[in-house]
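Chemist: I'd like to ask you about the structure that follows.
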Amino acid sequence: MQLIEDASAQKLRGAYYTPPAIASFILHWGINGSTDADILEPSCGDGVFLEQMAKENMLFHHATAVEYEAVEAEKARAIGLHDSEVINSDFHRFCLDTEQSFDLVVGNPPFIRYQYYDEGQQELAGEIFKKAGLKRSKLTNAWVTFVVGCSLLLKETGKMGFVIPSELLQVTYAQQLRKYLATSFNKINIISFENLVFEEIQQEIVLLLCERTGTGEHLIEHIEVKDAEALQQLDPHRLKLPTKQIDFHADKWTYYFLDKEELDFLNKVRVDGMPKIGTYADVEVGITTGSNGYFTVPQGVVDMYQLHEYARPMVGRSVQVNSLCFTKADWLQNLANGAKANLLVFTPGAKENGNEGTKAYIENGEQQGINKGYKTSIRDDWYVIPSIKLSDALFLRRNNLYPKFVLNDAQAYTTDTMHRVFIKEGLNRKAFVVSYYNSLSFAFAEILGRNFGGGVLELMPSEVEGVYLPYREENAKLFEKVDQMVREKKTADEILDYTDKELLQKGMGFSEKETKMARSIWYKLMGRRLNRETLEKAAPEEKGEIKKAVARVKQLNFFDVLQQYPENIVENAPIVQPTKKQEPDVEMDKNVLISLVKSDNVERYLDQSAKIYYTGKRFPSTVALNKLYYFMPYIKRKGIRDLYLIKIARVGTRKEGQPDNDPNDFRLVFEIEFVKKLFKDYKPVELEIWHTFTDTNLKEVLDKCLKKRKFE
Ligand SMILES: C[S@@+](CC[C@H](N)C(=O)[O-])C[C@H]1O[C@@H](n2cnc3c(N)ncnc32)[C@H](O)[C@@H]1O
């Protein structure tokens, strides 16, 4: 596709053209075997969609394309698609003036932020919204108007397929649009991509495929594929039959990639009326100082300027809280570490009446221009911070792994990096805070919050209030133990293993299956959010967990592996079998894959006669395939003992060679050979990935198992 020279002009009209594979996919989905569709492309650019229709000889009744730029419209016209017209006009105008209606709308509408949205167009956009019964906010991006406008031009049973920025799923300015689409369409399919489709603009996009069928149902599906090419392998049946009910209470569409069973489970929690944080507490943003750098200071500054009269304990950053309970001792420790653990709460007139140091500090602020700030300049005394209130608990606003919720025992103030939680009178505070530390509440925090950028999860106060938690007064007795675990930097998995059992299973009567499901939902949501940037920014103690979290959700695409390795993935030379008395040599630095074996295969592993291992349908994408060497079967309730060599690893099918083989049921296949017993008895280890695999090396296996240490 041709991209015009002037990048900024291009950007201003939101013009990045669709890859042909995507245009083709949307058209096939939309036309779906019909021959008489009236089709609209509202912002056709140089005509990618038209060109694809021409190339693939698609059948239709008539195609109308609109394009604002005369030069581009001329290019689109030059394609010469039969039964089509290209109108050089502003879509807003076209939308309001036309009397035509369409069976299918396809396209990639312009992404134009409100600052660059022409004023005249904004007015027309307002009219389009009004026609749809919606209110338009000034912040709305152009693509939203195109989607709303096109839906107005659809026939009663029409379809609409767009390339849309992925922010559709979560931004506030598209919230009304999500509701509108959910109510005015009956089937919605969202397709997202693991890899960036528009590399040059770093814009993440999704395909939004909406269908009006005239029925009363409102179903949705979210499928993720690797890239544009992978669309060809997508099962069209899944697109025809989305199965998930749209949840009209939810503001975001970020979790419809979960399984139906998982969504039903979350819904059941809601319907069954589990309480929320908001049931027991009011959540407010922390204190807005106007300049955290100026008003929060370490002890050294308090001493130097003699600010003791105004200094109050405060806690401001996630690194300053590492427990369930922020105590006076924690605060003193922060102070001793030189943290900015004091908030300067000046009183009116402090500039005139304060001591010399106070005067100097305030004047210093004026020299730096702190008094001219947006927030400080509107105050009577610029240095007097309003809304100074102490809260019972604190909820961190931005988090990498999971949002922390902490009891404020130290009576510390906090700035806008944490939310203030005011717990209702008479509630057991310890029980309340500890009740939040479970997989289900963490999952709801993911659902309600948003990806702030770089994979960081941000929750605003109303979103915190919406987090469900299995509160029971009896939970208070868990508080000390969980607090201790967090202080000892136990991993989230270790903490949740304990709390899920206590809070969800014993406390709420969840079955083991439901408890596991809650954990797996949390993993999926968190793993999808986390990315490389999060990993770089994370505190050292969080890094390992984040890596694991990503590994848990990213699956290997067997089909891609087959393309890459049409023969074998690895072929390892057989072990030289020594004479009877000697043991075969093992190579300590070689990789070992520990894998759970299915119960119906256990016998062959117990007597060491196993020759072949098939993985399940899913395999983590984090295992280095070209380094596969040793294999250790993990026997349920026993652990590991025997070492095998992976002679060959390849992609195969589960029932290869059998009459009922499904040629599409791909698995990884290991042809294995028993090497030796590594230990006399079975040793327990942690299966780190999906409770099924651990990818490690021989040295580590020996180190950890012989020292009888738990795997970390
Ligand atoms: C993201 S490009 C997509 C072009 C084409 N649909 C494709 O998929 O390759 C958006 C197009 O919208 C056009 N455009 C911008 N504002 C428009 C408007 N108000 N009316 C019609 N087209 C507009 C731009 O000139 C640009 O060609």
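Chemist: First check a/c for the stretch 7-257, with a ≥ b ≥ c the square roots of the eigenvalues of its C-alpha gyration tensor; if it is under 1.5, answer rounded, and if not, answer prolate when a/b is larger than b/c or oblate otherwise.
Modeler: Judged from the Cα gyration tensor, the stretch 7-257 comes out rounded (a/c under 1.5).
Chemist: Lys and Arg at +1, Asp and Glu at -1: add these up for the other residues within a Cβ distance under 12 Å of Lys636 and post the number.
Modeler: Overall, the nearby charge balance is +2.
Chemist: Can you list the residues, at least 5 places off or on another chain, whose amide H is less than 5 Å from the amide H of Ser84, using H built in the peptide plane?
Modeler: The list, which skips near neighbours in sequence, is Ala63.
Chemist: Using R₀ = 41 Å, calculate the FRET efficiency as 1/(1 + (r/R₀)^6) where r is the Cβ-Cβ separation of Arg379 and Ala539; round to 0.05. Could the numbers behind the result be given before it?
Modeler: Details: r = 35 Å, r/R0 = 0.85.
Using R0 = 41 Å, I get an efficiency of 0.70.
Chemist: Would you mind calculating the gained length between Val71 and Lys611 on full extension (0.36 nm times residue separation, minus the Cα-Cα distance), in nm to one decimal?
Modeler: Fully extending the segment from Val71 to Lys611 adds 187.8 nm.
Chemist: What does the C-alpha gyration tensor say about the overall shape of the stretch 4-156? Classify as rounded when a/c is under 1.5, otherwise prolate if a/b is larger than b/c, or oblate.
Modeler: Here the stretch 4-156 falls in the oblate category.
Chemist: Return a whole-number percent for the relative contact order of the stretch 549-631, with Cα pairs under 8 Å and 6 or more residues apart as the contact set.
Modeler: About 57 percent, as a whole number.
Chemist: Divide by every residue of the chain the summed helix terms, -39500 (n - 2.57) for each DSSP H run of at least 4, and state the resulting mean residue ellipticity at 222 nm, rounded to the nearest 500 deg cm²/dmol. If you can, show how the numbers build up before the last one.
Modeler: On the way: 27 runs with 231 residues, N = 712.
Result for the chain: -9000 deg cm²/dmol, rounded to the nearest 500.
Chemist: Give or take rounding to whole Å, what are the principal axis extents of the alpha carbon atoms in the stretch 281-529, in descending order?
Modeler: The principal-axis extents, from largest down, are 66, 33, 32 Å.
Chemist: On to the next question. Below 8 Å between Cα atoms, with a sequence gap of 6+, how large is the relative contact order for the chain in percent?
Modeler: It comes to 8 percent, rounded to a whole number.
Chemist: What would the Debye formula give as log10 I(q)/I(0) at q = 0.13, 0.19, 0.21 Å⁻¹ for the alpha-carbon point model of the stretch 368-444, no solvent?
Modeler: The calculated log intensity ratios at q = 0.13, 0.19, 0.21 Å⁻¹ are -0.55, -0.87, -0.97.
Chemist: Label point 7 Å out from Ala476 along Cα-to-Cβ: which residues of the stretch 431-458 have amide N under 19 Å?
Modeler: Only 431-437 pass the distance filter.
Chemist: Further, regarding this structure: What's the center-to-center distance, using Cα atoms, between the stretch 13-51 and the stretch 83-115 in Å?
Modeler: Using only Cα atoms, the two centres lie 13 Å from each other.
Chemist: Taking N as the number of residues in the stretch 558-706, what is its Cα Rg relative to 2.2 N^0.38 Å?
Modeler: 1.03
Chemist: Tell me whether the stretch 268-349 comes out rounded, prolate or oblate; compute the Cα gyration tensor, take square roots of the eigenvalues as a ≥ b ≥ c, and use a/c under 1.5 as the rounded threshold.
Modeler: prolate
Chemist: Can you tell me the length gained on complete extension of the stretch Asn661 to Ser137, counting 0.36 nm per residue apart and subtracting the Cα distance?
Modeler: Full-extension gain reported as 183.0 nm.
Chemist: How much area per residue is accessible in the chain when the probe is 1.4 Å and only protein heavy atoms are counted (Å²)?
Modeler: Heavy-atom accessible area per residue stands at 46 Å².
Chemist: I'd like the distance separating the alpha-carbon centroids of the stretch 555-618 and the stretch 292-351, in whole Å.
Modeler: 57 Å
Chemist: So what's the Cα pair-distance distribution over the chain, bin width 10 Å, in %?
Modeler: Going from the shortest bin to the longest, the percentages are 3, 12, 19, 20, 19, 16, 9, 3, 0, 0.
Chemist: Mind giving me the nanometre distance, one decimal, between the label points for Lys489 and Ser184, set 7 Å out from Cα along Cα→Cβ?
Modeler: Those two pseudo-labels are separated by 5.4 nm.
Chemist: Counting only protein heavy atoms and using a 1.4 Å probe, what share of the accessible area of the chain belongs to carbon plus sulfur, as a whole percent?
Modeler: Carbon plus sulfur share of accessible area: 49 percent.
Chemist: How high is the FRET efficiency between Ser101 and Thr35 when r is their beta carbon distance and R₀ equals 30 Å, given to the nearest 0.05?
Modeler: The calculated FRET efficiency here is 0.95.
Chemist: Along Cα→Cβ, 7 Å out, is where each label goes; now give me the distance between the ones at Leu596 and Gln115 in nm to one decimal.
Modeler: Roughly 5.1 nm, to one decimal.
Chemist: List every residue whose amide H lies under 5 Å from the amide H of Ile648, counting only residues 5 or more places away in sequence or on a different chain, with H placed 1.01 Å from N in the peptide plane.
Modeler: For Ile648, whose amide H was placed from the backbone, the distant partners under 5 Å are Asn572, Glu671.
Chemist: Right, another one. Can you give me the distance in nm between label points at Leu706 and Gln555, each placed 7 Å from the Cα along the Cα-to-Cβ direction?
Modeler: Between Leu706 and Gln555, the label points sit 3.9 nm apart.
Chemist: Want the number for Val586 to Gln245: 0.36 nm per residue separation, take away the alpha-carbon distance, what's left?
Modeler: Value of the extension gain: 117.3 nm.
Chemist: In whole Å, what is the distance between the alpha-carbon centres of the stretch 649-712 and the stretch 432-452?
Modeler: 33 Å
Chemist: Separate question: Under 8 Å for C-alpha pairs, at least 6 residues apart: give me the relative contact order for the stretch 281-529, rounded to a whole percent.
Modeler: 23 percent
The values are calculated or read from the model by the stated rules, or taken from the named source; none is laboratory data. This is a predicted model, so every value here is computed, not measured. Positions of Cβ are backbone-derived with ideal geometry, glycine not excepted, and every protein chain shown enters the neighbour counts. Each accessible area value is taken on the protein alone, full model and side chains, heavy atoms only, with ligands, DNA and RNA left out. Shrake-Rupley method; radii C 1.70, N 1.55, O 1.52, S 1.80 Å.
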